[in-house]
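The values are calculated or read from the model by the stated rules, or taken from the named source; none is laboratory data. Keep in mind that this is a model prediction, so the values were computed, not measured. Positions of Cβ are backbone-derived with ideal geometry, glycine not excepted, and every protein chain shown enters the neighbour counts.
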């Protein structure tokens, strides 16, 4: 990073502050204020004039939204852009366009990776360990998710800073897509193992009522998953009410 | 106030922070919070029974885009807390099972009721972000950190207050019912637990499989293989 204004400590501070990206999440600007707060260490270093710096920070409080972990890449890329702008034409400001483009493309990939795949996968890893009791399940869930989450959150700022607006190149996209595929495949296998462990924990088969109800739940769940509404929680509340009635009447 | 009840309230605040405003490390997931509460209350088995059901339902709830998902951060804490508080009133297995049923139902209802609360917080944050921008333009660079601090404090306070309210209402309102109707409720738990687990696991399976035949086949192979290994033993 020789010849550059930002130091490693600045990038570390951006990475740390990115944990608060969603602190002021709202419908109007979404992550806007969190974004400006995370970028503040970079602008503190790059823009010496306090009034100009405050104005630039105020500009950055405008609307921004992406998947929060992947935001690190955009933060690094925009920090590099701000650095390049130093001494250049103030009218030439690519940051809003880059933020918009990176925000949506990182969200598309990040939602699939973190919300649709890694989070459920970590839950399955935790459940596999928790089904037989013990605290290891919670640890497995937390570790499994955070190895990737904290890794990307920390290293993402450096990747973004090094690569600039081209950070989400074809190579990285392909690697992340492959990770999504691997995790989804392992997740499907993990659910198979969880069901097996629930049916016969420690080799002792559960009562037929349990096995039949679990199978009914799986079938109903696959039917319910075809539609976004009602949500899984609404289905579960409905079935819970039915079970309470059945328990009372039996 | 008992230190164990205080732990439930504080964990509610911490979970509310982890869920969205701070770090999102999944510390707020029901399995993690239930395990922590189980260790504090000295009944890990009951806490895990509730935590597993709520975790499966939480994992099938996706926080995508600007949709406000059910708040399983607070729901998980309330669910495990209520089950532990009600289940600890008696040594009998049926009382534990009745506590688990009420705990899961309380957790799901809290998660559902948490949605308007989250929306309210997000609307409060709109005013905060507008104030932050005007304060920055007026020359106060500290406004950014002040806005972040205020939002974090609000989220923690709302988390503690919502947990305390839902926990208090559920324990006060339902302890007599659990004490007198524990057998019927234990029967309901025997039906509801596998049904809820199956429902949630199917949602997760659907998320993973995405109409890929190889993944569906792998699920079947793992289920059959796992079951055979458990029943017959390893060769």
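The table below gives the values:
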read-out: Matching option when the condition is crowded, with 21+ Cβ neighbours inside 10 Å and at negative phi, among B:201, B:177; value: B:201
read-out: Among (1) closer than 30 Å to residue B:202 by Cβ; (2) in contact with a strand residue (DSSP E or B) (Cβ under 7 Å, 6 or more places away or on another chain) - the single one residue A:63 does not satisfy; value: (1)
read-out: Lone qualifier among A:180, A:244 - being in a helix (DSSP H, G or I) and more than 7 Å from every other protein chain (Cβ to nearest Cβ); value: A:180
read-out: In the range A:132-143, residue nearest to residue A:193 (Cα to Cα) [restricted to those that are more than 7 Å from chain B (Cβ to nearest Cβ) and in a loop (DSSP other than H, G, I, E, B)]; value: A:132
read-out: Test: residue in the range B:184-201 that is touching a strand residue (DSSP E or B) at 6+ places or on another chain (Cβ under 8 Å), at the interface with chain A (Cβ under 7 Å from one of its Cβ atoms) and modelled with pLDDT of 95 or more; value: no
read-out: Among (1) within 14 Å of another protein chain (Cβ to nearest Cβ); (2) on the phi < 0 side of the Ramachandran plot; (3) without any contact (Cβ under 8 Å) to a residue 24 or more places away in the chain, the one test that residue A:174 misses; value: (1)
read-out: Filtered residue count, the range B:160-183, keeping only those that are at the interface with chain A (Cβ under 10 Å from one of its Cβ atoms) and within 17 Å of the chain's Cα centre (by Cα); value: 0
read-out: Residue check for residue B:53: part of a helix (DSSP H, G or I), closer than 26 Å to residue A:222 by Cβ and out of contact with any strand residue (DSSP E or B) (no Cβ under 9 Å at 6 or more places or on another chain); value: yes
read-out: Single residue of the range B:129-159 satisfying the filter (surrounded by 20 or more Cβ atoms within 10 Å (Cβ to Cβ) and more than 8 Å from chain A (Cβ to nearest Cβ)) that is nearest to residue B:78 (Cα to Cα); value: B:159
read-out: Condition met for residue B:113 (within 23 Å of residue B:190 (Cβ to Cβ), within 14 Å of chain A (Cβ to nearest Cβ) and out of contact with any strand residue (DSSP E or B) (no Cβ under 7 Å at 6 or more places or on another chain)); value: no
read-out: Unique residue being in a helix (DSSP H, G or I), farther than 23 Å from residue B:132 by Cα, within 21 Å of the chain's Cα centre (by Cα) and without any contact (Cβ under 8 Å) to a residue 60 or more places away in the chain when the list is A:108, A:100, A:77; value: A:108
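Residues are listed down the side, and each one gets a yes or a no for (1) more than 7 Å from chain B (Cβ to nearest Cβ); (2) loosely packed, with under 15 Cβ neighbours inside 10 Å:
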position	(1), (2)
A:10	yes, no
A:23	no, no
A:28	no, yes
A:48	yes, yes
A:61	no, no
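Residue-wise test of (1) touching a residue at least 60 places away in the same chain (Cβ under 8 Å); (2) crowded, with 24+ Cβ neighbours inside 10 Å; (3) assigned to a helix (DSSP H, G or I).
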{"residue": "B:18", "(1), (2), (3)": "no, no, yes"}
{"residue": "B:22", "(1), (2), (3)": "yes, no, no"}
{"residue": "B:95", "(1), (2), (3)": "yes, no, yes"}
{"residue": "B:104", "(1), (2), (3)": "yes, yes, yes"}
